[in-house]
Structure formats: C-alpha cells, structure tokens
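A short write-up of the structure that comes next.
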Amino acid sequence: MSDTEDSNKSKNGKEMSDANYASIIIDISHEKVDRPFQYRIPENLLAEVKIGTCVQIPFGAGNRLRKGYVIELSHKPEIAEDRIKDITDVSDENLPAEAVFIRLAVWMKEQYGSTMINALKTVLPAHKKQKELQHKFIVWKMPMREAKEFYYECDRKKQYARARLLKEMLADPEGRLPYELVTGKLNVSAAVLKSLADHGVIRIEQEKYYRNPVRTVDAVSMDKVLSEEQQNIVDTITEDYDNGLRKTYLVHGITGSGKTEVYIAAIEKIVQRWKQAIVLIPEIALTYQTLMRFYRHFGDRVSVMNSALSQGEKFDQFERARKGDVDIMIGPRSALFTPFPNLGLIIIDEEHEPAYKSETMPKYHARETAVELAHLVPGGASVVLGSATPSLESYYRALHGEYQLMELTRRLTGGSLPEVEVTDLRDELRSGNRSVFSRALQNYMQDRLQKQEQTMLFINRRGLAGFVSCRACGHVFKCPHCDVSLSEHRGGRLVCHYCGYEEPVSKTCPVCGSKYVSAFRAGTQQIENEVHRLFPQAKVLRMDADTTRTKDSYEKILSAFAGQEADILVGTQMIVKGHDFPNVTLVGILAADMSLNASDYRAGERTFQLLTQAAGRAGRGTQAGNVVIQTYQPDHYSITAAAMQNYQAFYEEEIGYRELLRYPPAAHMMAVQICAQDENAGIQFATRLRAGLENLHAADLVLIGPASAGIGKINDIYRMVLYAKSGEYSVLTNIKDQTEGYIKRLTEAGKFAGLQVQFDFDPINGF
C-alpha cells in the first residue's frame, strides 16, 4: 500500500516555500465554520501569507470582499485555473487568537489524524451567537427645577405611577434607578416610562453586561506564606519567564503538599506582567472548589468554562476573555481553547487524569496540545503540569529532560501521610465475612462516627464491564499473549480486546480448583444501602452519575459534606480528585481490583493513581488519618506502592513492563478503529489494511490484530481495532497518512461505502 500525496505537502504546520495557492475558511467565528475554498496567492503577498493568516478575498458571484483564514498551502490547483480567484490583501484585522488556533488545528490534524474541519471545530467551537444582555437605568433629562415642578403637577393630577417614580428620583438627583426596580417594586409600567422619555423628562440608559456563571463571592486576598519548596518552584517559573525561557514544568507533589498555592502564586506573577492564564482541571466536579480558591484571591478577573454552563454563559465567557476582561479561565479540557490575546501560562492540574484525552475526533491530549499552543502564542507561554501521581508519559519525559521536574515532598499542615492498611479479601471470605466491608474497615467506621469525624468510601469502578477472577485465591483470567485481563462477553466467552484471543468462561479456577469464579460487580447504591444497614445512625451522602445529573449538584453535595452535614460520603472516582476536607480521617477503598484487572495495559498505572489519590484524602487537617485498601491481590506492586505512597517504586516496576512489552511511553502506539455496517466487510478491510501495512516494511514496527473492539457492536455498527507500535512517532503518523491515502483511493473507486476509520495515538481510554 502506498500513497501518492504531494511530496511538498506541509507537515506539522510548516509552510512550503513554493506554495502559491491557499485553502481558506470564510469568516471563521463562533457562529459558523464553513468548508474551505482555494485561492491564488498573488506574487506581492507570497511572503506574507502563512497558515493562520487573516486575508481579504472576493467571494461569491458579486465578488464581495470577505474575511477568511488560511488553513493550508499548496503548489498546485485543485480546480481549473480560470475558476480560482486571487487573494486581495492581508487583513489588518488579523486577530492573534484566531490565527494561533488555526495553526493549532493544522498541528492537531497532522498529529492525531483528523479532518481539518473537525480540528477547526474543536479549537474554534461553533457557538451560535447569543443575544446580548443589557442593564437599563433611569436618569433625569430635564433640569432639576423643572423636574420638581413636573413632580408636583403629577401629584396634583393624581398620576400616581409618575409621581412615585419622580419622587424616588428626586431623593437622589445625581443617581440612576435600575429599570427592573422601577417596573418591579415601584410598579411603573414600561408604557409610562416610554411616555416620560418621549417628553424629555427622563432618559433610559443601557449598559451591556455579560452572563457571569460565578456565584457572588467576597473577593478577599488570601496571601499565604509559601514553604521553601513552594517558593523555589514559583521563583524558578518566574525567573525563567523573565529570561525569555518558555518551559514545561512537572510539579510532582504528594497529596496535601499545596500545589494549588503554587499555581496561584505563579499566576499572580504572570498577571502582574499583563499576561493571562488558563487552569485546566480534569472534571467538572472539581470546578467549584478550585474556582472558589482562585476567586477569593483574584476576584472577578477569574471565570469558568465547563459543560454545565448555558450556551449564553459559554459565549459570554469567551467574549470576556477575547476582550481581556478576565485574566484567568478555569475549566476542563475545552477551556484550553480560550481566546486570550496575551496568554502567558497554562496549568494542568491532576495532569495524569484520562479525562484530558478527547474521546471524539481529533483524539487530542490536552497535555501535548497545551505544549504546542504554548509554542504558538505570541511571545510563548509556560506550561505547568501538576500531580501527586504523574502519568508515566510526563515522568518519563521529565527524566529524559523534555520537562523540568520539581518536587513537593511535605504536607502543608506539617502532618504526615495517612497510615495505610491493606486488607486481603480472600481472608475475609475464608472467615465467613460476606459484607462488602472488611472487619477492619467496619471497626474504623464505628470509631469515626463516635469521634464525629468523617469518612469517605471509594468504590473503584473502572473496568466494570470486566474482569473475571477467583474469589478464593485471587487468580485473574488473563490473555496469554498481551498480559491484560480477559473481558467477559455474552455467550460465555472471555475475550482479549488487544489481539482477539478467546477462551470459554471456566466454572472452576485453574489454579486452586475453587468454584468461586465470577465477575465482580458493585455499585455506589449497594454501598450506601450497606452503610445504612450497619450504621443506621450515620448520615450518608452519595456522589455518582445518578446524583450529579442536575446543574450545581456537585457543588451542593460537596458543600454539604464540607459543612459536615454528613458523616460518610460514598462515591466513585469523582470524590477522590483534588478535594480537601480537613475533618476526613478515614478513607475506605473498596474493590481495588476492579481497575487493576481492567482489560487495559494502563491498568496498573490507573490503579496506583486512584489508590494514592484516594488515600491522600485522609488526614489533611491536624488529625491523623487512616486508609483501608480492600483487595484480592495485596501483593501486587501497584497496591503495595500505593500503600507506601511511593511513586518512584511504582514507576520503576511499571516502566520495566512497558519497555518489555513496548507500550507507551517506552514506545508509541496507534489504534486504528474500523467501523462497519457489515461485519464481513469490516473484517475484510481490516485484514487488507494489515496486509498493506506489513508490506511497508517499516523498521521497528509491530502490528497487533485486527481484533474486536471492547464493545464490538454499537447501534448495529461493528467495531474492530488494529494496533501499531513503534519507537518513533513519525513512523505511526506516516502509517496514518498512508492509510488515509488508501482510504481516499477506495472512496474514489466507490469501494469504501459503509466503512469509517478513526485513529488514536498513544490511546488512553481505548476503543
């Protein structure tokens, strides 16, 4: 298989020196993203026209001048020469944010395998323009002497509505009355106001204002004295910035070490230099607590962007950022594309979280995209990654000098990390305990209730579709070829989602012969019910997908727990990420194996991260904390390292496996998903694709599959996955380009109907 694409095609956003044609998107805005049109670059503009440049072009039958943005350069026409119009001029309205994001979209298209339109829609969200909101005010127009006479006249004529308004205005002649107050409390109709305005008595003034999703909070400067470790990090970032160095920093700080205070101090330094900052958080559940900490320090120069906002609120926050009315934007992955005109700092908190990887095309990672964006913005920006449990990719890059590693080793409270106890659930089963809570955890919970201290119960639900194990000895059924657990499918089959290996579900354990073989499943509601059964006096809150469907539901639950309105909080991963509850002295981690045995090469890493983060919620105040980890595999390195809060020990063990099996970050991996309406057609294409890739004879290339995806069929669409591994990222992007060329030829020949192909580089969430 080979592709005949132009050898001079630009890669990774690099312009071609001989390009004299430009593909242009017309009127890029938040209202619409249209298809591109090709224009000729006049000789006098060749040096000025680059990807992202804003240009003036004749458009339509009337050749009306329109604004457009260059998204691609080429040296040959796509249509007949006589149909191609010339670019008129480079626009003086070249907005830096739009230009930067278009160049970023070009990079994303090349980096992650996407259409240009999808990449543009990601970086320039097609928000429909919302109606502008305005405040109205009533002020005097006529001279004060005449105004008083007019008031007396209205009173005498018993024109009560007019008299009420004029009396209120006379009480503060220099002031202005809010329109809503006048029509509401004073009960003066809009018709009366219009009549008074028409007769020159009053004037109705209007002021535009933006929807503000931030609830009113008293902004009080929270100047805190930083520890020596914290101050060194802030000083390093600031000094590098002042010296023109734009780096990516990895802040590895234990739970409770004060990473947020470092972020605030670093942002303050950046804002003092007339720059703006973006703060990314992994989930909406963290938005409120994080936002309040920043808002109390920076006031209304902080805004928020997340999926819970209305379309009007989202539109207004982007407009505020574009005009420089806010300095700091906080939100999940999409907040990265805030159109700040002077971006200076990007912070990614809890950078290890899989939520930073997009699940739709382009399947970009916020971490790599943020680093690229920092390179593209005028003057450059610094990037700070923070986590108590950094992703293997980030730590690997830090150790190899790509990022600068900085450590926070002490808790802010001066206290120690919680004491962690690992409970072997096999022993609990043998002793006759059938409860979801071990005896040790039950005793700790009773103790905390008596002391009026709080408990968090975390049910590790990753891999719920999942793994099958023996309850007696802990044996997990794994693929003999891929070292990942097999997933249970309908029809009594265990399937590997990487290579396609299958075997029937066994009724007995091949290791110990026990009949206690099954897929473990548990949910938050079951846990809550069990808490009520064992501790009827306890006040319990539950936080999961069912209890957080409505707007502000996260805030209400977390605020109630922070206010000690409940003794116990039961939840999934959302309760263990970044929250700070000083009165929590006990954390119970239930079923640690549920993520450990997920059908995913990252299972060990995710388990370590979740357990460490969960354990870190205990003992964050002045009181000592305890953590109980319940597991069937107490000797697994992920669990023992998490119990010791020892990241280095985990990293060394895990990276050894990654290097042996050539998984990221030791090598790069690309997943090619084939979706087909007809299963046989999908299998045939996937098989031919593999054969074609094998014929490339690319060095250092390993192919796996094709195999059925994790969910092999959705809405009558069959899904298959082919994996490619290589030590060089460029080898995989070349394969992507070759595959796209192959698909293009099949499409032109009418042989690709009913098929769809997606690419995912260094996959996190899998297919």
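Given the -39500 (n - 2.57) contribution per DSSP H run of 4+ residues, what per-residue ellipticity at 222 nm results for the chain, rounded to the nearest 500 deg cm²/dmol?
The per-residue figure over the chain is -10000 deg cm²/dmol.
Counting other beta carbons within 10 Å of each Cβ, put PHE101, PHE337, PHE752 in order, fewest first. Write out the running numbers ahead of the final one.
Details: PHE101 25, PHE337 21, PHE752 17.
The order, fewest Cβ neighbours first, is PHE752, PHE337, PHE101.
Rank these for me by crowding, HIS365, HIS135, going from fewest to most other beta carbons within 10 Å.
Taking fewest neighbouring Cβ atoms as first place, the list is HIS135, HIS365.
Tally Lys/Arg at +1 and Asp/Glu at -1 over every other residue whose Cβ is under 13 Å from the Cβ of TYR718; what's the total?
That sum, taken over residues with Cβ under 13 Å, equals -1.
May I ask you to compute the full-extension gain from MET644 to GLU419, defined as 0.36 nm times their residue separation minus their alpha-carbon distance, rounded to one decimal in nm?
80.1 nm
What is the distance, in nm, between label points placed 7 Å from the Cα along the Cα-to-Cβ direction at HIS375 and at ASP325?
Result: 3.5 nm between the two label points.
Taking the Cβ of TYR651 as the centre, find all other residues whose Cβ is under 13 Å away and add up their charges (Lys, Arg: +1; Asp, Glu: -1).
-4
Describe numerically, in nm with one decimal, the distance between label points set 7 Å from Cα along Cα→Cβ at ARG439 and at SER553.
About 3.9 nm separates the two model spin labels.
As a test, work out the antiparallel percent of DSSP beta bridges whose residues both lie in the chain, rounded to the nearest 5.
55
For GLU180 and THR88 in the same chain, what is the full-extension length gain: residue separation times 0.36 nm, less their Cα-Cα distance, in nm?
That works out to 28.2 nm of additional length.
What whole-number distance in Å separates the alpha-carbon centres of region 553-586 and region 703-767?
Here the two parts' Cα centres lie 42 Å apart.
Quote to one decimal, in nm, the extra length available between ILE683 and ALA699 on full extension: 0.36 nm per residue of separation minus the C-alpha distance between them.
Stretched fully, the ILE683-ALA699 segment lengthens by 3.2 nm.
Between [x] 0.94; [y] 1.19; [z] 1.11, which matches Cα Rg over 2.2 N^0.38 Å calculated for the structure shown?
[z]
In region 223-272, which trypsin sites (Lys or Arg not before Pro) fall in coil by DSSP and have 13 or fewer other Cβ atoms within 10 Å?
LYS224
Sorted from fewest to most neighbouring beta carbons within 10 Å, what does the list HIS475, HIS697 look like? The partial results should precede the final answer.
Details: HIS475 18, HIS697 7.
The fewest-first ordering by Cβ neighbours comes to HIS697, HIS475.
Read the figures in this text as sums done on the coordinates, not as results from a lab. What you see is a predicted model, and the numbers here were worked out from it, not measured in a lab. Positions of Cβ are backbone-derived with ideal geometry, glycine not excepted, and every protein chain shown enters the neighbour counts.
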